[in-house]
Amino acid sequence: MSEAQALFRVSEPADLRPAWIDVRDRVEALSADQPWIPEDVFHELLMGTAHLWTTPDREGFVVLQVLASPYEKDLHVWLAHNRTDASAAEYWEQLKEIARENGCTRLVFGSARIAFKRAIPGLQVRHEFFEKL
């Protein structure tokens, strides 16, 4: 992966606020038909239960969470947005490395769309369907 496509973690609150200003409108667009609003995402980022990773120019970003159960840990790609020329496949190896560094055995995506399967060659996808009660 070239440095231009590398994602960088925005972890400190002083760094988070300017980054949030740059990505908030896109988070709001992604929130349509979701049970959460952008303020929920920002709260999770401030609490450290979610992490914002951006490209250096903030044209691409992901919000990641580590979800743990007694038996496994998953790296959850909660949100992803990209206005760069890079495809999702160019970030795949870095996402897998982030997962390994956090002791995760799987990457999970919070999307009903199959865009990730099309964007990342060789991605094995297991669809789980849930019905809202």
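The values are calculated or read from the model by the stated rules, or taken from the named source; none is laboratory data. Source: prediction; values computed, not measured. With ideal geometry, Cβ positions are generated from the backbone for all residues, glycine too; neighbour counts draw on all protein chains shown.
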Is it the case that the stretch 102-115 has a residue that's at pLDDT 90 or above, surrounded by 16 or more Cβ atoms within 10 Å (Cβ to Cβ) and within 16 Å of Phe8 (Cα to Cα)?
-> no
Select from the stretch 56-66 the residues that are closer than 16 Å to Thr84 by Cβ and either aliphatic (A, V, I, L, M) or touching a Ser or Thr at 6+ places or on another chain (Cβ under 6 Å) (or both) and list them in ascending order.
-> Glu59, Gly60, Phe61, Val62
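With the condition kept exactly as written, say whether any residue in the stretch 26-36 is surrounded by 17 or more Cβ atoms within 10 Å (Cβ to Cβ), charged (D, E, K, R) and within 19 Å of His76 (Cβ to Cβ).
yes
Of the residues His81, His76, only one is outside any loop (DSSP other than H, G, I, E, B), farther than 19 Å from Ile21 by Cβ and not hydrophobic (A, V, I, L, M, F, W, C); which?
Criteria check complete, one pass: His76.
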Take the stretch 49-71 and flag every residue that is β-branched (Val, Ile, Thr) and surrounded by fewer than 16 Cβ atoms within 10 Å (Cβ to Cβ).
-> Thr49
Name the pairs whose Cβ atoms lie under 6 Å apart, with the first residue in the stretch 65-79 and closer than 14 Å to Thr49 by Cβ, the second of a type in the set (Phe, Trp, Tyr), and 6 or more positions between them or separate chains?
-> Gln65/Trp78
Among the residues of the stretch 30-52, write down those that are touching a residue at least 12 places away in the same chain (Cβ under 8 Å), in a helix (DSSP H, G or I) and within 15 Å of the chain's Cα centre (by Cα).
-> Leu30, Pro38, Val41, Phe42, Glu44, Leu45
Matching residues, the stretch 10-25, being over 17 Å from Leu64 (Cβ atoms), of a type in the set (D, E, K, R) and loosely packed, with under 12 Cβ neighbours inside 10 Å | Asp25
Unmet criterion (only one of (1) surrounded by fewer than 18 Cβ atoms within 10 Å (Cβ to Cβ); (2) part of a helix (DSSP H, G or I); (3) in contact (Cβ under 8 Å) with a residue 12 or more places away in the chain; (4) not small (Gly, Ala, Ser)) for Leu95 = (1)
